[in-house]
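The values are calculated or read from the model by the stated rules, or taken from the named source; none is laboratory data. Keep in mind that what you see is a predicted model, and the values were worked out from it rather than measured. Here the Cβ positions follow ideal geometry from the backbone for every residue, glycine too, while neighbour counts run over all protein chains shown. Remember, those area values only see protein heavy atoms, side chains included, never the ligands or the DNA or RNA. Shrake-Rupley method; radii C 1.70, N 1.55, O 1.52, S 1.80 Å.
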Amino acid sequence: MLVDKVTYRDLRQWMGYALRLAREAGEAGDVPVGAVIVNGTGQIIAEAGNRKERDRDPTAHGEILALRAAGKALQNWHLNDCTLYVTLEPCAMCAGAIIQSRLGLLVYGADDPKAGAIRTVANLPDSALSNHRLEVIAGIREAECREQLQAWFARRRST
């Protein structure tokens, strides 16, 4: 179980990295969500921020882009020994892709009360739809993740 191998320091460090990716996505005009995938030896194998607006692609969520890059980096779509750190609870599309990738561990920052498909609105990993048991750690640097999103949306509404 990957959850037993990760330290609190690692959780905070990698979520900090995801927060930087999210900030970059927000500065580029996309909703500030960042995702980083780390392998079992603690090396980054993929990273991405949301690019829906820039790519004009409804599937260009940070999680999806990072999963694609990780599969290419490993030359394998099975990500069993990898951990995905993402600033916001994944939506249904991303949750489905995470399950399909056989990801070892998902770590996310803020719950998404409108579209969260891991624990908040839906629980796809534990549903009958899931063919993979996904380990999840939620709430890492939650306040920072939530505040980043709220500030971005507040700025967007004021312009």
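Could you please put T41, T159 in sequence from largest to smallest accessible area, using a 1.4 Å probe?
Numbers: T41 110, T159 145 Å².
Output order, biggest surface exposure first: T159, T41.
Residues of the stretch 1-89: accessible area per residue at 1.4 Å, in Å²? Numbers along the way, then the final one.
Values: 4540 Å² over 89 residues.
Per residue, the stretch 1-89 has 51 Å² of solvent-accessible surface.
Give me the dipole magnitude in Debye, nearest 20, for the chain about the Cα centre, with unit charges on the beta carbon: positive for Lys and Arg, negative for Asp and Glu.
Working: 20 positive and 19 negative charges, 51 e Å.
So the dipole magnitude of the chain works out to roughly 240 debye.
What do you get for Rg/Rh over the chain if you use C-alpha atoms and the Kirkwood form of Rh?
Details: Rg = 14.4 Å, Rh = 15.3 Å.
That ratio is 0.94, to two decimals.
Got a sec? What order do R156, R102, R119 fall in by accessible area at 1.4 Å, biggest, i.e. largest, first?
R156, R119, R102
With both bridge residues required to lie in the chain, what share of the DSSP beta bridges run antiparallel, to the nearest 5%? Kindly include the intermediate steps, with their values, before the conclusion.
On the way: 9 of 18 bridges.
The antiparallel fraction comes to roughly 50 percent.
Taking a 1.4 Å probe, which of S158, S101 shows the most accessible area, and what order do the others take after it?
Values: S158 95, S101 10 Å².
Heavy-atom accessible area, descending, gives S158, S101.
Among A70, I99, S127, which residue has its Cα positioned farthest towards the positive end of the charge dipole of the chain, with +1 placed on the Cβ of Lys and Arg, -1 on the Cβ of Asp and Glu, and the dipole taken about the Cα centre?
Projecting each Cα onto the dipole axis, the largest value belongs to A70.
Between I44 and S127, what is 0.36 nm times their sequence separation minus the Cα-Cα distance? Round to one decimal in nm.
Values: separation 83, 0.36 × 83 = 29.88 nm, distance 2.96 nm.
Fully extending the segment from I44 to S127 adds 26.9 nm.
To make sure I understand the rule: partners must be lysines, Cα under 21 Å from the Cα of K72, and not fewer than 8 residues away in the same chain. Which ones qualify?
List returned: K52.
Over the chain, with every protein chain in place, what whole percent of the accessible area is carbon and sulfur at 1.4 Å, could you tell me?
50 percent
Pick from Y17, Y108, Y85: which residue has the top mean-square fluctuation in a GNM of the chain where Cα pairs under 10 Å get a spring?
Among Y17, Y108, Y85, the largest GNM mean-square fluctuation belongs to Y17.
Gain in length, R9 to A138, computed as 0.36 nm per residue apart minus the alpha-carbon separation, to one decimal in nm? Provide the component values of the computation, followed by the final result.
Numbers: separation 129, 0.36 × 129 = 46.44 nm, distance 1.48 nm.
So the extension gain works out to 45.0 nm.
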